[in-house]
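Okay, so here's the structure we're looking at.
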Amino acid sequence: MYIILLGAPGAGKGTQAAYVAQKLKVAHIATGDLFRQAIERGTELGRQAKYYMERGILSPDELTIQMVLERLSAPDSKSGVVFDGFPRNLKQAEALDGALAQQAKAIDRVVYIKVSEEELLRRLSGRLICRNCQMPYHATDSPPQVWGKCDKCGGELYQRPDDNVETVKKRLDVYFAETAPLISYYAKSEKLIEIDGEGSVAKVGEKVITALKKEVINK
Ligand code: AMP
């Protein structure tokens, strides 16, 4: 089962993707997390990704697509994947379709998590991420049990440097210009499921799973 979670920065893709991947027992591929891990490790990929991330713009397609294809060739991706933060433009969507087609596979469903711009800004300004496992939290909506520590792995929580007001605005502009057109791309192939993302994490998660069960699991 191959599923894409689509939505603006702050829509809750990371949280819901982790939940869906665990429920469906498939791999979770989050390109933003892969780039942040590369930055933490100080690799050449990380050095390049940092430049784009700091500016709130997309990394070059060649870099991103190659990284995703490598990750996709790992054994845990064979039975399915939840893609989070990828694809981000038409070129990436076509590259993904092509790579899956080579293995006689295809994207099953695209879950578009819709959230108002006002709510996106509120969420991003309170967002905290685990430095170790990338689990997202929110200072007031979903705080950790112990302040500053990840419930899952005990890692240190931090605010992403690109969650500052200026970079967030740029990231939203990039989203509306480059990524939002994918909504109609996937609607055309009748793969799109739209979910109202403005509720508690648990409520939205329930809606996502229910919709996927109806459309895919019982197919
Ligand atoms: P995210 O954690 O998904 O918000 O991504 C953080 C940053 O990583 C973005 O602002 C981009 O610089 C880069 N990035 C993540 N995913 C992609 C992608 N699919 N294509 C290009 N750049 C990406």
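Since every read-out is calculated from the coordinates, none of them should be taken as a lab result. Please read all numbers here as calculations on a predicted model, not as lab measurements. We place every Cβ from the backbone using ideal geometry, glycine too, and count neighbours over all the protein chains shown.
At a glance:
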| read-out | value |
| --- | --- |
| Computed over region 156-219, Cα set: Rg, Dmax in Å | 15.8, 44 |
| Segment Leu121-Lys203, extension gain: residue separation times 0.36 nm, minus the distance between their alpha carbons | 27.5 nm |
| Under 11 Å, Cβ to Cβ, from Glu40 - net charge with Lys/Arg +1 and Asp/Glu -1 | +3 |
| Radius ratio Rg over Rh of region 113-219, counting only Cα atoms, Kirkwood formula for Rh | 1.02 |
| Separation of alpha-carbon centers, region 62-97 and region 137-166, rounded to whole Å | 27 |
| Net lengthening on full extension, Val165/Glu40 (0.36 nm per residue, minus Cα-Cα) | 42.7 nm |
| Rounded to 5, the percent of DSSP beta bridges in the chain classed as antiparallel | 30 |
| Region 132-219: GluC sites (Glu not before Pro) falling in loop per DSSP and having at most 10 other Cβ within 10 Å | Glu190 |
| Cα centroid separation - region 100-130 against region 169-219, whole Å | 7 |
| Percent breakdown of C-alpha pair distances by 5 Å bin, ordered from the shortest bin, for the chain | 1, 7, 15, 20, 22, 19, 12, 5, 1, 0 |
| Relative contact order (%) - the chain, alpha-carbon pairs under 8 angstrom, separation at least six | 30 |
| For region 1-81, fraction of C-alpha pairs farther apart than 16 Å, in % | 56 |
| Compactness of region 70-170 as Cα Rg over 2.2 N^0.38 Å, two decimals | 1.33 |
| Net charge over other residues, Cβ less than 9 angstrom from the Cβ of Lys114 (K, R count +1; D, E count -1) | -3 |
| Helix-only mean residue ellipticity at 222 nm for the chain, each DSSP H run of n ≥ 4 adding -39500 (n - 2.57), per residue, nearest 500 | -13500 deg cm²/dmol |
| Check: the chain dipole with +1 on Lys, Arg Cβ and -1 on Asp, Glu Cβ, in debye | 460 |
| Region 122-179 - Kirkwood radius from inverse mean 1/r over Cα pairs (Å) | 12.1 |
